[in-house]
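Visitor: Have a look at this one before I ask anything.
The values are calculated or read from the model by the stated rules, or taken from the named source; none is laboratory data. Just so it is clear, the model here is predicted, and its values are computed rather than measured. Here the Cβ is made from the backbone with ideal geometry for all residues, glycine too, and neighbour counts use every protein chain on show. Heavy atoms of the whole protein, side chains included, go into the accessibility calculation; ligands, DNA and RNA do not. Shrake-Rupley method; radii C 1.70, N 1.55, O 1.52, S 1.80 Å.
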Amino acid sequence: RLGVVHPNAFGMDQARAPFVGRLDADDLALSDRLERQVALLEEHPDVVVVGSNARHVSSDGEILGIMTAGPESVDEFHRLYARGELTMVLDGTSMMRKETYDAVGGYDPQFVSAPEVDLHCRMAEHGAVVSIQDPLMSYRLHGGSNVDSVFFSGRRVHRYVAYRQRTLRKGAIPIDFSSFVAAEHHAPLLE
């Protein structure tokens, strides 16, 4: 199973624009999404990834809720980053600086689920990751949606990237992802 990494990486490799936005095939961008994200990136050259909040909508368009992720400002990003917290945005809402994406080596193919967690964390080493607090995209939820099918494996990627970041900040060398998965598999359920 290739997940979303292969098509995302292929698309990013083909992109020639300075800013590249993500949107999955079954999701909808609001009409002003790109304009607002480009404006933010042009106004703040220190921002390397910008996302937004998003609506969860049913297959018939009913708004089910609002999803939020990411620091609201460059200042909030720096506060979170200094504390060692993960700073990422909702993947389908993200617009990235292509130059920074290339500099960090792009998507890591070992992360079939939630590859953006790792990518945004590595990009945060080069600049701010922020989120526009208005919903600029709608995630359509249905039985076959990727969000439903990869939730738990995506949570494992979150735990690994947070562990890796904490370990590196202590000056230690983290174990690799497959060793982390094996260690979690053998850990007691309740400690």
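Visitor: Find all pairs meeting these conditions: Cβ atoms under 6 angstrom apart; at least six residues apart or on different chains; first residue within the stretch 94-117 and farther than 15 Å from Pro7 by Cα; second residue charged (D, E, K, R) and in a loop (DSSP other than H, G, I, E, B).
Guide: Pairs that qualify, where the first residue is farther than 15 Å from Pro7 by Cα and the partner is charged (D, E, K, R) and in a loop (DSSP other than H, G, I, E, B), are Ser94/Arg22.
Visitor: Can I ask one more? Could you count how many residues in the stretch 15-61 are touching a His at 6+ places or on another chain (Cβ under 9 Å) and closer than 27 Å to Leu141 by Cα?
Guide: 6
Visitor: Being buried (at least 16 other Cβ atoms within 10 Å of the Cβ), at pLDDT 90 or above and not in a strand (DSSP E or B) is the requirement here; does His78 meet it?
Guide: No, not satisfied.
Visitor: Exactly one condition in (1) assigned to a helix (DSSP H, G or I); (2) closer than 20 Å to His158 by Cβ; (3) modelled with pLDDT of 90 or more is false for Gly92; which is it?
Guide: That leaves (3) as the condition not met.
Visitor: Which condition number does Gln37 fail, the rest of (1) open to solvent by 50 Å² or more (accessible area, probe 1.4 Å); (2) touching a Gly at 6+ places or on another chain (Cβ under 8 Å); (3) over 30 Å from Tyr163 (Cβ atoms); (4) part of a helix (DSSP H, G or I) being met?
Guide: If we test Gln37 against (1) open to solvent by 50 Å² or more (accessible area, probe 1.4 Å); (2) touching a Gly at 6+ places or on another chain (Cβ under 8 Å); (3) over 30 Å from Tyr163 (Cβ atoms); (4) part of a helix (DSSP H, G or I), just (1) comes out false.
Visitor: So, one more: Which one of these is of a type in the set (Gly, Ala, Ser), surrounded by fewer than 15 Cβ atoms within 10 Å (Cβ to Cβ) and in contact (Cβ under 8 Å) with a residue 12 or more places away in the chain: Gly65, Gly84?
Guide: It is Gly84.
Visitor: Can you tell me which residues in the stretch 10-34 are open to solvent by 60 Å² or more (accessible area, probe 1.4 Å) and either more than 20 Å from Pro71 (Cα to Cα) or in a loop (DSSP other than H, G, I, E, B) (or both)?
Guide: Phe10, Asp13, Gln14, Arg16, Pro18, Leu23, Ala25, Leu28, Ser31
Visitor: Additional query: Find the helices (runs of 4 or more DSSP H) located wholly in the stretch 112-185 whose residues include 2 or more that are modelled with pLDDT under 80 and exposed (fewer than 13 other Cβ atoms within 10 Å of the Cβ), and list them.
Guide: The helices (runs of 4 or more DSSP H) meeting that bar are 151-169.
Visitor: Out of all the residues in the stretch 97-117, which are hydrophobic (A, V, I, L, M, F, W, C) and within 17 Å of Val161 (Cβ to Cβ)?
Guide: Selection gives Val104, Phe111, Val112, Ala114, Val117.
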